[in-house]
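To start, the structure itself, in structure tokens.
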Amino acid sequence: MVSPLDLSYMKLVRFTFSLIDCWPHRDMKSKNPIPLTNNKFLFCVILFVFVAELIYIKNNVGVLSFLILGHTYITVLITFNSLFRLTLPWNKKYRQLIIDFVENIHVFHYKDESEYSKKMHNKIHKASLYFIVFLHVQMYFGIILFNITPLLNNIKAGLLEEKLSPNVTIDIELSIYYDLPFDSQENLKAYSMVFLLNFFVSFVNTFVMCINELFISLIAIHLWGHFKILENNLINFPLPKLTDQNISYDEEESIAVKNLLIKYMKQHQVATDFLSKTVNVFGPTMCLYYLFQQISECIVLCELCKLDAEALGKYGILTLVIFQQLIQISIVYEIMASMNEKIIKAVYNLPWEYMSVGNQKIVLFFLQNVQIPFNLRALDIVPIGAQTMVTIIRTSFSYFIMLRTIAYD
């Protein structure tokens, strides 16, 4: 293997991004494995669906109950989020972030530096592989169940029967509701067209919503690996060859110590700079995502609270994915943020008392740099971490109780 893209999970990441044309193939001068995909075409399709969903809501507010319209509220929120995220590949900073991650930040590039680095690379490889496979299983099952459940209900109601009793009408269920120029319940062909469109839209929305969280989490996991390697290097900093006549580093050792200190400072600077770039690029996305979480969790809990087979089929995995992604990102970044204190402690415990004055000044400068806290605020406003996660979940359950009371009254 000569590149991180040769790793199995990175091949899967690249393929998944390529499905919705969000991988910078042109910037990386690589061949797109799925040449028929086009990001701007997908944006136009999702924009059409978003407008049609809004028209449907406008025409049915006061006509349908909140619980019935709640399904469309959820899909509108998801569609709007995916619409915004489909514009990310148009941003040069986003494309450059992916390139920097693959070419500079990926722990694959540091696996040969030491035994600990190799061990950490293998650990991150396994964790990333399990995480990505689990997320893909969630996505595919979620898409299938979200679309198949309404179809099965329609078949049970007699959708495929050639003749129905004169007094029997079928209330067709859809996975996504919107106003169209034709009646999707008019005949089987019209319904089939809408079903296929809904399946395609569900596929695009699910992948767009999930791959950004996948990439953000993947970055956090690898940066955590960088800080763990740096911490280990600092803890195992070489001591001087002490003798009765020498109680400090000799001249040759001092030169080696200086080079090591500069190297570790650069490693820390590269990791923290990339973290800042990540937060800046995904800042608006994370703010919008937290808002989406706050609203969607309330509604999806209302839809799920019936706890029948239909509700579990349509909203079970969707609810799991929504909560899991919020918890996943928050915990991953919280764990990474905890490395800041460990790095500070490791730098403070360097054997500076054996160093020359010049190297002691470098250690002091290093210590000042590592005490700057990580920038983990989306748009410098919303903190990314466990505290925000707990606040959103607690508030969502409070609103859920209120909405459920209103819906059933």
Quiz item: Taking springs between alpha-carbon atoms closer than 10 angstrom, which of Leu350, Leu174, Leu64 fluctuates most in the Gaussian network model of the chain?
Solution: Leu64
Practice problem: Per DSSP H run of n ≥ 4, the term is -39500 (n - 2.57); total these for the chain, divide by its residue number, and report the mean residue ellipticity at 222 nm rounded to 500 deg cm²/dmol. | Solution: -25000 deg cm²/dmol
Quiz item: Of Phe282, Phe227, Phe41, which has the largest mean-square fluctuation in a 10 Å C-alpha GNM of the chain?
Solution: Phe41
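Give the shape of the range 341-409 as rounded, prolate or oblate, defined through the alpha-carbon gyration tensor: a ≥ b ≥ c are the square roots of its eigenvalues, a/c under 1.5 means rounded, and otherwise the shape is prolate if a/b is larger than b/c and oblate if not.
prolate
Only helices at least 30 Å long along their axis, Cα-based, and averaging -0.5 or more on Kyte-Doolittle count here, so list those DSSP H runs from the chain.
39-60, 115-156, 188-235, 251-304, 309-348, 386-408
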Self-check item: Asp6 versus Ile235: modelled label distance in nm, points set 7 Å from Cα along the beta carbon direction
Solution: 3.1
Quiz prompt | Listed candidates [x] 21.2; [y] 22.1; [z] 24.2 - label of the one calculated as Kirkwood radius over Cα pairs in Å | solution = [z]
Quiz prompt | Cross-link pairs beyond the 20 Å C-alpha cut-off, checked among Lys228/Lys342; Lys29/Lys92; Lys93/Lys277 | solution = none
Self-check item: Pairwise label distance in nanometres, Leu54 with Phe141, each label 7 Å out on the Cα-Cβ vector
Solution: 3.6
Practice problem: Report the full-extension gain for the segment Cys44 to Leu196: residue separation times 0.36 nm, less the Cα-Cα distance, to one decimal in nm. | Solution: 53.0 nm
Quiz item: Looking only at GluC sites (Glu not before Pro) in DSSP loops with at most 15 other Cβ atoms within 10 Å, what is the longest site-free stretch of the chain?
Solution: 187-409
Quiz prompt | Among Arg394, Arg14, Arg377: highest mean-square fluctuation, GNM of the chain, C-alpha pairs under 10 Å | solution = Arg394
Quiz item: With r defined as the distance between the Cβ atoms of Lys118 and Thr405 and R0 fixed at 56 Å, what FRET efficiency is calculated, to the nearest 0.05?
Solution: 0.50
Quiz item: Local charge sum around Lys345 (other residues, Cβ-Cβ under 14 Å, Lys/Arg +1, Asp/Glu -1)?
Solution: 0
Practice problem: Would you work out which of Ile105, Ile78, Val204 lies farthest towards the positive end of the dipole of the chain, given +1 charges on the beta-carbon of Lys and Arg and -1 on that of Asp and Glu, about the Cα centre? | Solution: Ile105
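Every number here is computed from the coordinates shown, using simple stated rules; none is lab data. Keep in mind that this is a model prediction, so the values were computed, not measured. Counting neighbours? That spans all protein chains shown, and the Cβs are built from the backbone with ideal geometry, glycine included.
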